[in-house]
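Structure first, commentary second.
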Amino acid sequence: MRGVFVDANEALAVIMERLEKPGDPKVRIHRDPDIKPGQYPEILDGAEIAIVDHTALPTEVAKKCTGLKHVVFLGTGARSYMNPEELAELGISVHLIKGYGDTAVAESAIALMWASARVIAMMDREMRAGNWLREDGMQLTGKTLGLIGFGGIAAEVARIASGSGMKVIAWNRSPKSHPGVEFTDLDTLLARSDVVSLHLLLNDETRGMITREKIAKMKPGVVFINTARAAIVDEQAMIDALNSGHIRHAGLDVFNIEPLPANHPLTKIPNVTLSAHSAFRTPEASENLIEAAWVHCRRIVNS
């Protein structure tokens, strides 16, 4: 059984090679992170396993991938790039990797929260333009952080935020408990939170879940953080709330269109701090990610 890492950047390719063990399934590394979906059949060349970092795999393209039986997706957000149910009907299983970057993403969410509360990026931009902008920030000690969704990343965010003197409340779709975290219903969380941070997977239930009505229920002057998936939020409603000041500031790592176009409305709004879908990008997380990909490949071959 053969595998192909179809869209490897150089850093992940090097880790993939280093973590290979004697007896591992043969995995060819295609060192080009910018492939197009239509290139899948040629790149795979009949291989049974596709290791995919970020390239969309439309169902119609998958039908042309002779021999493909498994997709090892490097992360949890495969639904943003492919339809697992439709692939399953073709006999292709999609394997996800969870937990590899919990700490990395949590630290990024915290960084965006602090940068947003103290408008660091805005002052930086203005100073580079020759303007001495001095803005009052939001002091976060004693404030309430509301976590929407509570998995491994949110638990790490809660740990860091609690240690900095914040009160942490959370809502999760299924009942949970966690030391130092108060669980509540979603509307109560929105009304009480000074900072709202989103930590949900994207699926049919969560797509568009943060509606205009939900945003209106947030506390006026809220800081909003999204390191999850952009499609969970009504983007235009969020932009309107930013322009009105109902959302004081947003820290965003994910977008409906990636890369974010230079003329996108979010690039024109001063009270937004943007990062390029990089919350998970640390050497430690990459190491965990590729090790987990090898584990999937070994398990597939030996099953």
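The values are calculated or read from the model by the stated rules, or taken from the named source; none is laboratory data. It should be emphasised that the depicted structure is a prediction, and the values quoted were computed from it without experimental measurement. Reconstructed Cβ throughout: ideal geometry from the backbone, glycine too, with neighbour counts over all protein chains shown. For accessibility, only protein heavy atoms count, side chains too; no ligands or nucleic acids. Shrake-Rupley method; radii C 1.70, N 1.55, O 1.52, S 1.80 Å.
So the values come out like this:
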read-out: Label assignment, log10 I(q)/I(0) by the Debye sum over Cα atoms at q = 0.10 Å⁻¹ derived from the structure, set (i) -0.61; (ii) -0.75; (iii) -0.55; value: (i)
read-out: Cut-off under 5 Å, modelled amide H: who pairs with F5 long-range; value: R28, I29, H30, I51
read-out: The chain - accessible surface per residue (Å², probe 1.4 Å); value: 47
read-out: Protection proxy ranking, peptides 240-249, 203-212, 148-157, 50-59, average beta carbon neighbours within 10 Å, highest first; value: 148-157, 50-59, 240-249, 203-212
read-out: Sequence-separation-based contact order of segment 102-274, relative, with Cα cut under 8 Å and 6+ spacing, percent; value: 22
read-out: Segment 140-215, relative contact order in percent, only Cα pairs under 8 angstrom and at least six apart counted; value: 38
read-out: Computed FRET value (nearest 0.05) for D45 with L90, which takes r as the C-beta separation and R₀ as 25 Å; value: 0.90
read-out: Nonlocal amide H pairs with H95, under 5 Å, H built at 1.01 Å; value: V71, V72, F73
read-out: 3J(HN,Hα) from dihedral phi, segment 197-213, Karplus parametrisation 6.51/-1.76/1.60, rounded to Hz, x for glycine, proline; value: 10, 9, 9, 10, 6, 8, 8, 4, 6, 9, 4, x, 5, 8, 7, 4, 5
read-out: Mean Cα-pair separation over length for the chain, i.e. relative contact order, pairs under 8 Å, 6 or more apart, %; value: 17
read-out: Per-residue HN-Hα couplings for segment 26-33 [Karplus 6.51, -1.76, 1.60; θ = phi - 60°; Hz; x = Gly/Pro]; value: 6, 10, 8, 9, 8, 7, 7, x
read-out: Estimated distance in nm for a label pair at V14 and H178, the labels positioned 7 Å out from Cα along Cα-to-Cβ; value: 3.3
read-out: Reciprocal of mean inverse Cα separation for segment 1-97 (Kirkwood radius, Å); value: 13.3
read-out: Distant-in-sequence amide H partners of L200 (H built 1.01 Å from N, under 5 Å); value: R229
